[in-house]
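First up is the structure itself, then whatever we jot down about it.
The values are calculated or read from the model by the stated rules, or taken from the named source; none is laboratory data. It should be emphasised that the depicted structure is a prediction, and the values quoted were computed from it without experimental measurement. All Cβ positions, even for glycine, are placed from backbone atoms using ideal geometry, and neighbour counts span all protein chains on display. Remember, those area values only see protein heavy atoms, side chains included, never the ligands or the DNA or RNA. Shrake-Rupley method; radii C 1.70, N 1.55, O 1.52, S 1.80 Å.
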Amino acid sequence: DNLSNMVNVISMNLEYAIKHFDNEADALKCINIAYDTVKGVRIKIRRILDELMPVDIESVGLLNSLEALFKKIVGAGMELDFYYNGIEDEFISKKPHAYVIYKACMESINNSFFNGKADKINIVLTQKNGIIKLMIADNGVGCEKIKKGRGLTQMENNINSLRGKVEFGSSDEGGFIVRIEIPL
């Protein structure tokens, strides 16, 4: 309900600003209210996404947990393709790797949607020769310079704690890509 009210505040203020654009001071005031409210919405949505963490990946498996997360994202209007190969789900799901992979997917989807304005994400998860590889790519606006906020920094720390490595990238054509390798 709180999120719905916040969206209504944004909508009403932007509508007022559009209709009264000739009154610059009032329009600017409404735009600022809408902007401040959007920041609150982003925080609340991040909390909701954080709470989507499954209670126990060990019980349902990493792949089932990811599929459940992705269904929620697709239900929100984003197109998402997920491919996996060679994953020893029962083995990985009992290791901290599973939670790191799950959180990396959550953070990447959140960034793609809110920062990248993407509407399509491709996720590829593979395991070969004792290495888990995760690639997440979107069709968003991309960025010239990557600014690691709380989410990307935490992702990097989680992956480094497992002796893995992560790369973030964006091309001139747009889009954002995350490449992760974690030894088992």
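Kindly provide the Kirkwood hydrodynamic radius of the chain in Å, to one decimal, from all pairs of distinct alpha carbon atoms.
About 18.0 Å, per the Kirkwood formula over Cα pairs.
What dipole magnitude, in Debye to the nearest 20, does the chain give about its Cα centre under +1 on Lys/Arg Cβ and -1 on Asp/Glu Cβ?
Details: 23 positive and 25 negative charges, 107 e Å.
Computed about the Cα centre, the dipole is about 520 debye.
Please work out the FRET efficiency for the pair K128 and V41, using the Cβ-Cβ distance as r and a Förster radius of 35 Å; give the result to the nearest 0.05. Could the numbers behind the result be given before it?
Working: r = 41 Å, r/R0 = 1.16.
Between K128 and V41 the formula returns 0.30.
May I ask you to give the solvent-accessible area per residue for the chain, in square angstrom, as obtained with a 1.4 angstrom probe?
Here the per-residue accessible area is 60 Å².
In the range 60-157, what percent of the accessible surface is made up of carbon and sulfur (1.4 Å probe, ligands and nucleic acids excluded)?
Of the solvent-accessible surface of the range 60-157, carbon and sulfur hold 52 percent.
Report the gain in length on full extension from Q154 to K71: 0.36 nm times residue separation, minus Cα-Cα distance, nm rounded to one decimal.
Details: separation 83, 0.36 × 83 = 29.88 nm, distance 2.43 nm.
Answer, rounded to one decimal: 27.5 nm.
Can you pull the one-decimal nm distance between simple spin-label points at S161 and E58, each 7 Å off the Cα toward Cβ?
1.6
If I model a spin label at D26 and F91 as a point 7 Å from the Cα along the Cα→Cβ vector, what separation in nanometres do I get?
It works out to 6.8 nm between the two label points.
Of the options G130, I146, F168, report the single residue whose Cα projects farthest towards the positive end of the charge dipole of the range 128-184 (beta-carbon charges: Lys, Arg +1; Asp, Glu -1).
So the residue we want is G130.
Per DSSP H run of at least 4 residues, take -39500 (n - 2.57); add these up for the chain, divide by its residues and hand me the 222 nm value, nearest 500 deg cm²/dmol.
-17500 deg cm²/dmol
Report the semi-axes of the equivalent ellipsoid for the range 137-184 in whole Å, largest first, where each axis is √(5λ) for an eigenvalue λ of the Cα gyration tensor.
Details: eigenvalues 98, 29, 10 Å².
Each semi-axis is the square root of five times an eigenvalue, giving 22, 12, 7 Å.
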